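Worksheet: one structure, shown below.
Just so you know, all these numbers are worked out from the coordinates, no wet-lab data involved. Computed from a prediction, not measured in an experiment: that's the story for all the values here. Glycine also receives a Cβ, built like all others from the backbone with ideal geometry; neighbour counts cover every protein chain displayed.
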Amino acid sequence: MEDFAALLDALVYTRSRNAKLKLLADYLRETPDPDRGWALAALTDGLDFPAVKSSTIRNLLTERIDPVLWTLSRDYVGDSAETASLLWPEPAEAPSPPTVSQAVDALSRMTRANVMTELPRLLDRLDANGRYALLKMATGAMRIGISARLAKTAFAQAFDVAVEDVEEHWHGQSPPYSALFDWAAHGAEPPSSEDLPLFRPFMLAHGLEETQVDLADYAAEWKWDGIRVQVVRAGGETRVYSRSGDDISGTFPEIAEALHIDAVLDGELLVRGVHQGGEANERTQGGAASFNALQQRLGRKTVSRKMREEYPAFVRLYDVLILEGEDLRALPWTVRRAALEALLPRLEPDRFDLSTVIPAADFAELSAIRERARDDAIEGVMLKRRDSPYVAGRRTGLWYKWKRDPLLIDCVLMYAQRGSGKRSSFYSDYTFGCWDGNPDEGAELLPVGKAYFGFTDEELKWLDRYVRNHTVNRFGPVRETDRTLVFEVAFDSVHASKRHKSGVAMRFPRINRIRSDKPAHEADRLETLRGLIRD
Amino acid sequence: MAREFSWIRPEPWGIHVVPADCWIDPARPVDRALVTHGHADHARGGHGETFATPETLAIMKLRYATEDGAVPVPYGERIALAGGVHATWIPAGHVLGSAQILLEHAGERIIVTGDFKRRADPTCPPFEVTPCDVLVTEATFGLPVFRHPPVEQEIAKLLAALAANPERCVLVGAYALGKAQRLIAELRRAGHHDTIWLHGAMERMCRLYEDWGIALGDLRLVSDARREDLAGSVIVAPPSALNDRWSRRLPEPITAMASGWMQVRQRARQRMVELPLIISDHADWDELTRTVQDVNPAETWITHGREEAMLRWCQLNQRRARALALVGYEDEDD
């Protein structure tokens, strides 16, 4: 438990992703089974001990300390587990900490009836850091910035195995993941994944930079602006996975309910919209709304009927990986595409349709079609090598994404904030605004967006100096500047938003150019930005 | 009957000793100030006369470049002020020169602790428990979650990080008066005799400590160092320099901070600290409550800090207590 507590503490104070990976990988390599498996589960939020609640902690402590002092302390510290770990009376004897497994075992045996006597026994065996780790583990609220993806990457790093393999074998395993450690650490056969609705790592695309490709070798498809999902059915269960492999079946139950054939399908999750048809394929496909509409549905654990009716979700299919027991991933795209087209009539038409192939004779024609496409649900064009297998991750030369050219607008720098990690001493996060009228007639700047990339390291140094020399006000880590610097901001799209005073929200804004040549009053007005809204 | 202890009046900008017409640690210029210790929020400039220990006056002279009106009072010397008030400066164990001030008038004894701690500190004499009728105590760390670990444990943490990362340096944020010198002295006591590198803002105060007989070993300025000199070293800087441009010249610094606030994880995270060192020059909860019990005054007045919890504790222990609302004491970096 001490090692786990030390790991937890180190992770709290470490900001760099690489350093976090190293801490985790070292721990996973050096800790015996099954402790490391339980620790991994605790970190990735996979443990649940129903007898221990946040209120249990409060009740335990207020039996031992005045409730007013507890509340004052809790309010100051802002975290019940941490407050309790600090307030817990130090045991008279030297601590004899349990192992992680022993702690998990003890916690899982606790019941509502005995938790008030059993939990103190465990706490008495630990020092303050150990108590913090135990209580965090027991209440399942780590919140220390370890995503499932990060944990898997660390696991791969620890045992020198491919992260794609970890992804594939991870799903369906339950804590303490013995089969997973047997495979990665001890060279055993990987755990079997048949008959389980497992996530398969996505195939990803490189950006098409200066390259042109021959459409004889590559097929072109629209790149839809939704979220990439994988719909999997096996062993009588259906799951919807996000790009990171998170199970989002609960957020989109209509999709999970609609697949009745054992298959692994790759597609774009979209929300039906009336006014965006997709001009190149309106005869064959129902319309999809912009990303903004889809956003209404994201991040909800449960979804109301009203939500389902107002924002009905469907999946526009790109690919099929596995169909009725047959793994198609090694076959060429053309074969998989034919299988997908043949499958479509057997799928529920309300929930599944097909991302059509763009009928362009050559690259020039495709280029022209892409230029004309102003459908908000289209993010650009995908180019897929016709003979490419379906491989996890980004493989050069197989798939390309060719995004629509960004929209541009000139904004004025208003506020800057210091970044984190290697940018921690630099003012690297910028808030910029547009004029709400004619600046020569007293119009004001309203913030329209925030960006922290798009510039080079040299430009960052220049910007940092600029911010320091043009500060008019400070609010904690934020500096207000004198509003003299113009940025050309690139963004993918802009939407109406009630949450922002300006009434607009930009998607993917980034600093395209620093326009130190342009006077601030010549920056764009809000009406220009509003004119670009298309939903 | 006149209200008890009515000869001393807490006002938002300081404590007024009425018969002597002088103020303790006033936040604005007055004719006569009695100063507990040299931290800028307690020892402001511009008073007509300033009564303080010689060490504190030396610190103030360094800060304000003037000794006008300085009246040195060594520890333990009982001086007579106007109106039949006597005052004595008693060691408080906070920083060099820090004192509690004992005030006596008409048979009543009032002690203003200023900032204090109860632990050993190689840079100043220890807090002396002195009986009195009213104890005016600070409460900077007046919450039961604050239990500072032994300083040796925190110094060991620092040295372990240093040893584990020979290519990097450990940059410790520490208040320029008191914390920095105590940290250095504790490092020396733990057997660390390498050069310790200083931010320029630390230098004069460290020299002053050495002039007062506190050996700090080999200290040099970061501005005189080559980058390779700094790898594997301890660097001490004011907290404000930790994430500032100044630190860019350092070889991959491990950012540490020596402060009682480091006990709370989110506080450390907000300061972007990787290596929190819980080293405080203030009394923690156990020391605060023990001090009230040891001194055992008829009344406890609680000043700057988390007064509510101390007030509650006094209530639970059937002690008369009140909270004073004094302004101007900054404790964020300590």
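Treat the count of other C-beta atoms within 10 Å as a stand-in for reagent exposure and order A:Val448, A:Val472 from fewest to most.
Ordered by Cβ neighbours within 10 Å, fewest first: A:Val472, A:Val448.
Rounded to the nearest 500 deg cm²/dmol, what is the calculated helix-only ellipticity per residue at 222 nm for chain B, with -39500 (n - 2.57) per DSSP H run of length n ≥ 4? Let's see the in-between values first.
On the way: 8 runs with 76 residues, N = 334.
Value at 222 nm, helices only, nearest 500: -6500 deg cm²/dmol.
Could you tell me whether the stretch B:151-277 comes out rounded, prolate or oblate from its Cα gyration tensor? Rule is a ≥ b ≥ c as square roots of the eigenvalues, rounded for a/c under 1.5, then prolate if a/b exceeds b/c, otherwise oblate. Provide the component values of the computation, followed by the final result.
On the way: a/c = 1.31, a/b = 1.15, b/c = 1.14.
Judged from the Cα gyration tensor, the stretch B:151-277 comes out rounded (a/c under 1.5).
Which order do peptides A:425-432, A:338-345, B:174-181, A:158-165 fall in by mean Cβ count within 10 Å, highest first?
Result, highest mean first: B:174-181, A:425-432, A:158-165, A:338-345.
Using a simple charge model, +1 on the beta-carbon of Lys and Arg, -1 on the beta-carbon of Asp and Glu, nothing else, what dipole does the stretch A:407-530 show about its Cα centre, in debye to the nearest 20?
Values: 20 positive and 18 negative charges, 135 e Å.
So the magnitude is around 640 debye.
Return the long-range amide H neighbours of A:Ala289 (sequence gap of 5 or more, or a different chain), with a cut-off of under 5 Å between placed amide H atoms.
Close amide H contacts, sequence-distant or interchain: A:Val271, A:Arg272, A:Gly273.
So how far apart, in nm, are the two label points at A:Ala94 and B:Leu62 if each is 7 Å from Cα heading toward Cβ?
Spacing of the two 7 Å Cα→Cβ label points: 4.1 nm.
Shape verdict for the stretch A:407-530, please, from the Cα gyration tensor: rounded (a/c under 1.5), prolate (a/b greater than b/c) or oblate. It would help to have the intermediate numbers written out before the result.
On the way: a/c = 1.58, a/b = 1.37, b/c = 1.15.
Cα axes put the stretch A:407-530 in the prolate bin.
Could you work out the pair-distance distribution P(r) of the protein assembly as shown from its alpha-carbon pairs, with 10 angstrom bin width and percents rounded to whole numbers?
2, 10, 16, 19, 19, 15, 10, 6, 3, 1, 0
Which whole number gives the average count of other chain Cβ atoms within 10 Å of the Cβ atoms across peptide A:72-78? Please report the intermediate quantities before stating the final value.
Details: counts 8, 7, 1, 1, 7, 7, 4.
The per-residue average across the peptide is 5.
In the stretch A:407-530, if the dipole is taken from +1 on Lys/Arg beta carbons and -1 on Asp/Glu beta carbons about the Cα centre, which of A:Val486, A:Leu445, A:Tyr466 is farthest to the positive end?
Most positive-ward Cα: A:Tyr466.
Which residues does a label at A:Gln295 reach in the stretch A:502-535, if reach means a backbone N under 20 Å from a point 7 Å past the Cα toward the Cβ?
Residues A:502-512, A:526-535 qualify, since their backbone N sits under 20 Å from the label point.
At a Cα cut-off below 24 Å, give the lysines reachable from A:Lys22, other chains included and same-chain residues fewer than 8 away excluded.
A:Lys136, A:Lys152, A:Lys422, B:Lys157
Can you give me the three principal axis dimensions of the stretch A:156-315 from its C-alpha atoms, in Å, biggest first?
That gives 56, 46, 27 Å along the principal axes, largest extent first.
Which residue, chosen from B:Ala323, A:Leu7, B:Ala58, occupies the Cα position most advanced towards the positive end of the dipole of the protein assembly as shown, where the dipole is computed from +1 (Lys, Arg) and -1 (Asp, Glu) charges on Cβ about the Cα centre?
Sorting the options by dipole projection puts first B:Ala323.
Using the count of nearby Cβ atoms within 10 Å as a rough guide to exposure, how do B:Val151, A:Val357 rank from fewest to most?
Final ranking by Cβ density, sparse to dense: A:Val357, B:Val151.
In peptide A:5-11, what is the residue-averaged number of other protein chain Cβ atoms found within 10 Å of each Cβ?
1
Checking the cross-link filter: which lysines have an alpha carbon closer than 19 Å to that of A:Lys223, excluding same-chain neighbours under 8 positions apart?
A:Lys384, A:Lys401, A:Lys403
Using DSSP to define loop residues, name the chymotrypsin sites (Phe, Trp or Tyr not before Pro) in the stretch A:178-240 whose beta-carbon has at most 15 other beta-carbon atoms within 10 Å. Display every interim value, and only then the final one.
Details: sites: A:Phe181, A:Trp183, A:Phe199, A:Phe202, A:Tyr218, A:Trp222, A:Trp224; in loops: A:Phe199, A:Phe202.
Loop-located and lightly packed - none at all.
Let me confirm one metric for peptide B:256-263, namely the mean number of other chain beta-carbon atoms within 10 Å of its residues' beta-carbons.
1
Based on the alpha-carbon gyration tensor of the stretch B:46-199, what equivalent-ellipsoid semi-axes (square roots of 5 times the eigenvalues) come out, in whole Å, largest first? Please list the in-between numbers first.
Values: eigenvalues 249, 77, 28 Å².
For the stretch B:46-199, the ellipsoid semi-axes come out as 35, 20, 12 Å.
For A:Met137, B:Met60, which order do you get if you count the other beta carbons within 10 Å of each Cβ and list the fewest first?
B:Met60, A:Met137
For the modelled label position 7 Å from the Cα of A:Arg465 along Cα-to-Cβ, which residues of the stretch A:503-535 have backbone nitrogen atoms closer than 17 Å?
What the label zone holds, given the 17 Å backbone N cut-off, is A:514-517.
Among the GluC sites (Glu not before Pro) in the stretch A:426-535, which ones are in a DSSP loop with at most 14 other Cβ atoms within 10 Å of the Cβ? Mind listing them?
On the way: sites: A:Glu441, A:Glu444, A:Glu458, A:Glu459, A:Glu480, A:Glu488, A:Glu522, A:Glu527; in loops: A:Glu444.
Qualifying residues, ordered by number: A:Glu444.
Under 24 Å from the Cα of A:Lys306, which lysines turn up, not counting those fewer than eight places away in the same chain?
Answer for A:Lys306, where 24 Å is the Cα cut-off: A:Lys498, listed by chain and number.
Full-extension gain between A:Glu527 and A:Gln102, please, as 0.36 nm times their residue separation minus the C-alpha to C-alpha distance.
Answer, rounded to one decimal: 146.7 nm.
Suppose R0 equals 30 Å; then what is the FRET efficiency for B:Ala106 and B:Arg290 from their Cβ-Cβ distance, rounded to the nearest 0.05?
On the way: r = 30 Å, r/R0 = 0.99.
Computed FRET efficiency for B:Ala106 and B:Arg290 comes out at 0.50.
Per 0.36 nm of contour for each residue apart, how much would the distance between A:Arg15 and A:Ser54 grow if the chain were fully extended, relative to their Cα-Cα spacing?
Working: separation 39, 0.36 × 39 = 14.04 nm, distance 2.70 nm.
That pair, A:Arg15 and A:Ser54, stretches by 11.3 nm at full extension.
Write down Rg/Rh for chain B, rounded to two decimals, with Rg from the C-alpha atoms and Rh from the Kirkwood relation over Cα pairs. It would help to have the intermediate numbers written out before the result.
Details: Rg = 20.3 Å, Rh = 20.5 Å.
Taking Rg over the Kirkwood Rh, I get 0.99.
Residues of the stretch B:89-126 with the amide nitrogen closer than 16 Å to a label point 7 Å from the Cα of B:Val71, along Cα-to-Cβ, please.
B:89-90, B:101-105
Taking +1 at the Cβ of each Lys and Arg and -1 at the Cβ of each Asp and Glu, which of A:Ala19, A:Ala39, A:Thr62 sits farthest along the dipole of the stretch A:1-109 towards its positive end, judged by Cα position relative to the Cα centre?
Projecting each Cα onto the dipole axis, the largest value belongs to A:Ala19.
With the cut-off at 1.5 for a/c, could you classify the stretch A:203-403 from its C-alpha gyration tensor as rounded, prolate or oblate?
Working: a/c = 1.79, a/b = 1.25, b/c = 1.43.
Verdict is oblate for the stretch A:203-403.
For chain A, what is the calculated [θ] at 222 nm in deg cm²/dmol (nearest 500), taking -39500 (n - 2.57) for each run of four or more DSSP H residues and dividing by its residue count?
Working: 19 runs with 177 residues, N = 535.
For chain A, the value works out to -9500 deg cm²/dmol.
Where nothing but the Cβ of Lys and Arg (+1) and of Asp and Glu (-1) is charged, how large is the charge dipole of the protein assembly as shown around its Cα centre, in debye to the nearest 20?
Numbers: 108 positive and 128 negative charges, 183 e Å.
With Lys and Arg at +1 and Asp and Glu at -1, about 880 debye.
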